[in-house]
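What follows draws every value from the coordinates through simple rules; no lab data is involved. Bear in mind that the values here come from a model prediction, so they are computed numbers and not experimental data. Note: ideal-geometry Cβ built from the backbone for every residue, glycine included; neighbour counts use all protein chains shown.
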Amino acid sequence: MNNKNSEGKPSRSRKPAADDHAPRSTGKVVVVVPVLTRHPRTDDDSSKSRTRLARSPDARLEEALGLASAIDLEPVHSAVVMVADPRPATLLGAGKVEELAKVVSDTGAGLVFVDHPLTPVQQRNLEKETNAKVLDRTGIILEIFGRRARTKEGALQVELAHLNYQKGRLVRSWTHLERQRGGAGFLGGPGETQIEADRRLLQEKILKLKRELETVRRTRDLHRAKRKKVPFPVVAIVGYTNAGKSTLFNRLTGAGVLAEDMLFATLDPTLRRVRLPHGTTVILSDTVGFISDLPTHLVAAFRATLEEVVEAELVIHLRDISDPDTAAQAEDVERILGDLGVDAANAARVIEVWNKVDLLDEANRTRLIAESEQAGKGPPIAISALTGEGIDALRTLIESRIGGAVETRAVALAPDQLGHLDWIYRNADIVGRTDRDDGGIELTVSAPVERFAEINDRLRRRA
């Protein structure tokens, strides 16, 4: 029955002869979302014993389809599969695996994406049964990261994470591992098995990558140290993937950062200097999107990318409030922030911002705002990064958190102080101006309190 899947596939002849079940790969993908009904997800920290918010199966399926689309795969079939008793060999029950194999055969799909962690044995057995390449959640995220990385550091981090993932799956990659080869000298001793040789080569690559990454990180540390000498605070935008971070970044900075309706559109950190309405200058950082169930080694590999968040004076937690699973997404982001040492409950450092309010009808918007106020969080900062709604209020809030309360004061410049006029215009908001007969100027200035101290210090020094 499966013969029709391999007709006209010359690529099979290039596989090792011993690999009778070599998976084929096409652009068509079958997406499967297993839901383990008897295993509720809880926090890793048993002392908290708090059950995580359950993400609806439909939302998980939609996210899985988004992950597949992010690397231009064509989903030809998708399904949510309830799993009461996970099988060690295949995760899914025998009947479900049989159904899956038939779907793959009927659709001609070359890839099966199982949106759940798979052991190497489960992955290999599913490939045998379906005669198609199988990727789990970790594998598909790695593929996306591999395409999205643009900077050298991003590419190195992706490769390191990929090698660490691959290292545990060598048993899946070869069917002739019992074969031994004679070795000479220090390159694999006598009788070294193929898998031992492969693991050694992988470990050498991993060590080499770690050394390269260390060099790149030292360079980033130098850049960070230089930025610290300039009195510009860092404001980091974080949020679940596809929450609209890059759109907000572009709206606030005028930059042309890739902003698309896809998961992980941004991978490498982007920094821009931004002048706020009352003259405060900040460095805005756009970061990689967070996602649930991100593998531990992947988080570790991207820790350097997220260091901008750790160093930031202010963190904007951007939520897609139009998403039905926004509460579960927010919890995932807060958990990762906690892993990075950032307390999401610290209102002085973390601002929660609701994005995509333009997609809510009036009834839902009113309800969500009321729920936020009832929870003691106060009225939320509601914006639409796409339309610009609420952006001015957000800018003002950022400035007040960074530079302190904004005040309006009169500032008088004598004729010999007019050389400072340009600086004041660039670093404060001029509400009014009166030119005096003696050549001096009276300004009405709106600015953070600390800015007036800078203005007075400059005026004392004369022009």
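How far is the Cα center of region 86-140 from the Cα center of region 388-445, in Å?
64
Explain nothing, just compute: Karplus ³J(HN,Hα) = 6.51 cos²θ - 1.76 cosθ + 1.60, θ = phi - 60°, for every residue of region 98-108 in order, whole Hz, x for Gly and Pro.
4, 4, 4, 4, 5, 4, 4, 5, 5, 8, x
Among 406, 121, 114, what is the fewest-to-most ranking by other Cβ atoms within 10 Å?
Ranked by crowding around the Cβ, least crowded first: 121, 406, 114.
In a shell of Cβ-Cβ distance under 11 Å around residue 324, excluding residue 324 itself, what net charge do Lys and Arg (+1) and Asp and Glu (-1) give?
-4
Quick one: of 128/152; 152/208; 152/356; 133/245, which pairs are farther than 25 Å apart, Cα to Cα?
Long pairs (Cα-Cα over 25 Å): 128/152; 152/356; 133/245.
Which net charge results when you count Lys and Arg as +1 and Asp and Glu as -1 among the other residues whose beta-carbon is under 10 Å from that of residue 64?
With Lys, Arg at +1 and Asp, Glu at -1, the neighbours total -1.
List, in order, the whole-Hz ³J(HN,Hα) value for each residue of region 315-328 obtained from phi through the Karplus relation with A = 6.51, B = -1.76, C = 1.60 and θ = phi - 60°; use x for Gly and Pro.
10, 9, 8, 8, 10, 7, 6, 7, 6, x, 9, 4, 5, 5
Computed FRET efficiency, Cβ-Cβ of residue 434 and residue 345, R0 56 Å: what is it to the nearest 0.05?
0.75
Suppose every Lys and Arg Cβ carries +1 and every Asp and Glu Cβ carries -1, with no other charges. What dipole size does region 337-463 come out with about its Cα centre, to the nearest 20 debye?
Result for region 337-463 is approximately 320 debye, rounded to the nearest 20.
Going by C-beta contacts inside 10 Å, put 248, 337 in order with the fewest on the left.
Ranking 248, 337 by Cβ neighbours within 10 Å, fewest first, gives 337, 248.
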